[in-house]
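Trainee: Right, I'll just put the structure down here and ask away after.
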Amino acid sequence: QVQLEESGGGLVQPGGSLQLSCVSSGDTFGIILMAWYRQAPGKQRELVAQISSGRSTNYADAVKGRFTISKDNARRTLYLQMNNLSPAATAVYYCTHRLGTRDYWGQGTQVTVSS
């Protein structure tokens, strides 16, 4: 079992920045993929960014150049640095870890971009 806990969400003004963190615990040996998803009100959950065990990254077109995904294996922490935020980024952000064929999800952290 893998447990994930996100933090770092909050209210930020347009153009501002936030860094989300996701700390993992439990049996995390063999995690092959980590990712951030988000779900805005009334919309489907969508992939924001992902990073492989080899640190290859992939981003949604909407966030390329503004968001950066990274990880610190020693701290068991996944990060999402979000810069130049727009109201369109308002959503609940979830981190996921893939172990084998199973995806584990955190509870999510709310990000609200508003003036």
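The values are calculated or read from the model by the stated rules, or taken from the named source; none is laboratory data. Just so it is clear, the model here is predicted, and its values are computed rather than measured. Because the Cβ atoms are built from the backbone with ideal geometry, glycine has one as well, and the counts that use them run over all protein chains shown. Protein only, heavy atoms only, side chains kept; ligands, DNA and RNA dropped before computing areas. Shrake-Rupley method; radii C 1.70, N 1.55, O 1.52, S 1.80 Å.
Trainee: Mind checking whether some residue in the stretch 80-91 is within 14 Å of the chain's Cα centre (by Cα), more than 17 Å from residue 14 (Cα to Cα) and hydroxyl-bearing (Ser, Thr, Tyr)?
Mentor: For the stretch 80-91, residues within 14 Å of the chain's Cα centre (by Cα), more than 17 Å from residue 14 (Cα to Cα) and hydroxyl-bearing (Ser, Thr, Tyr): absent.
Trainee: Can you find a residue in the stretch 57-70 that is in contact with a helix residue (DSSP H, G or I) (Cβ under 8 Å, 6 or more places away or on another chain), outside any strand (DSSP E or B) and of a type outside the set (Val, Ile, Thr)?
Mentor: Yes, because at least one residue in the stretch 57-70 is in contact with a helix residue (DSSP H, G or I) (Cβ under 8 Å, 6 or more places away or on another chain), outside any strand (DSSP E or B) and of a type outside the set (Val, Ile, Thr).
Trainee: Name the residue that is modelled with the lowest pLDDT, counting only residues in the stretch 11-35 that are part of a loop (DSSP other than H, G, I, E, B) and under 24 Å from residue 56 (Cα atoms). So that I can check it myself, show each step before the final result.
Mentor: First, the residues of the stretch 11-35 that are part of a loop (DSSP other than H, G, I, E, B): 13-17, 27-30.
Add one more test, that the residue is under 24 Å from residue 56 (Cα atoms), and what stays is 17, 27-30.
Numbers: 17: 98, 27: 84, 28: 81, 29: 85, 30: 85.
The residue in question is 28.
Trainee: So how many residues does the stretch 62-87 have that are open to solvent by 80 Å² or more (accessible area, probe 1.4 Å), out of contact with any Ser or Thr (no Cβ under 8 Å at 6 or more places or on another chain) and touching a residue at least 60 places away in the same chain (Cβ under 8 Å)?
Mentor: So the answer is 0.
Trainee: On to the next question. Quick one: count up the residues across the stretch 56-104 that are within 16 Å of residue 29 (Cα to Cα) and not polar (S, T, N, Q).
Mentor: Step one: list which residues in the stretch 56-104 are within 16 Å of residue 29 (Cα to Cα), which gives 71-78, 96-104.
Those left that are additionally not polar (S, T, N, Q): 71-72, 74-76, 78, 97-100, 102-104.
So the answer is 13.
Trainee: Quick check, is residue 48 of a type in the set (A, V, I, L, M), in contact (Cβ under 8 Å) with a residue 40 or more places away in the chain and farther than 20 Å from residue 24 by Cβ? Give the steps one after another, and end with the answer.
Mentor: Details: of a type in the set (A, V, I, L, M): yes; in contact (Cβ under 8 Å) with a residue 40 or more places away in the chain: yes; farther than 20 Å from residue 24 by Cβ: no.
Criteria not met by residue 48.
Trainee: Could you grab me the full set of residues in the stretch 88-115 that are in a strand (DSSP E or B), open to solvent by 60 Å² or more (accessible area, probe 1.4 Å) and touching a Phe, Trp or Tyr at 6+ places or on another chain (Cβ under 9 Å)?
Mentor: 98, 105, 110
Trainee: Right, another one. For the stretch 1-35, enumerate the residues that are free of Cβ contacts under 8 Å to residues at least 60 places away in the same chain and under 15 Å from residue 67 (Cα atoms).
Mentor: If the condition is that a residue be free of Cβ contacts under 8 Å to residues at least 60 places away in the same chain and under 15 Å from residue 67 (Cα atoms), then 21 is the only one that fits.
Trainee: A further question on this structure: Can you name the residue in the stretch 19-61 that is open to solvent by 40 Å² or more (accessible area, probe 1.4 Å) and among the β-branched types (Val, Ile, Thr) and, of all such residues, is nearest to residue 8 (Cα to Cα)?
Mentor: 23
Trainee: Look through 47, 85 and report the one residue that is in contact with a strand residue (DSSP E or B) (Cβ under 7 Å, 6 or more places away or on another chain), of a type outside the set (S, T, N, Q) and assigned to a loop (DSSP other than H, G, I, E, B).
Mentor: On the way: 47 fails: assigned to a loop (DSSP other than H, G, I, E, B).
So the residue among 47, 85 that is in contact with a strand residue (DSSP E or B) (Cβ under 7 Å, 6 or more places away or on another chain), of a type outside the set (S, T, N, Q) and assigned to a loop (DSSP other than H, G, I, E, B) is 85.
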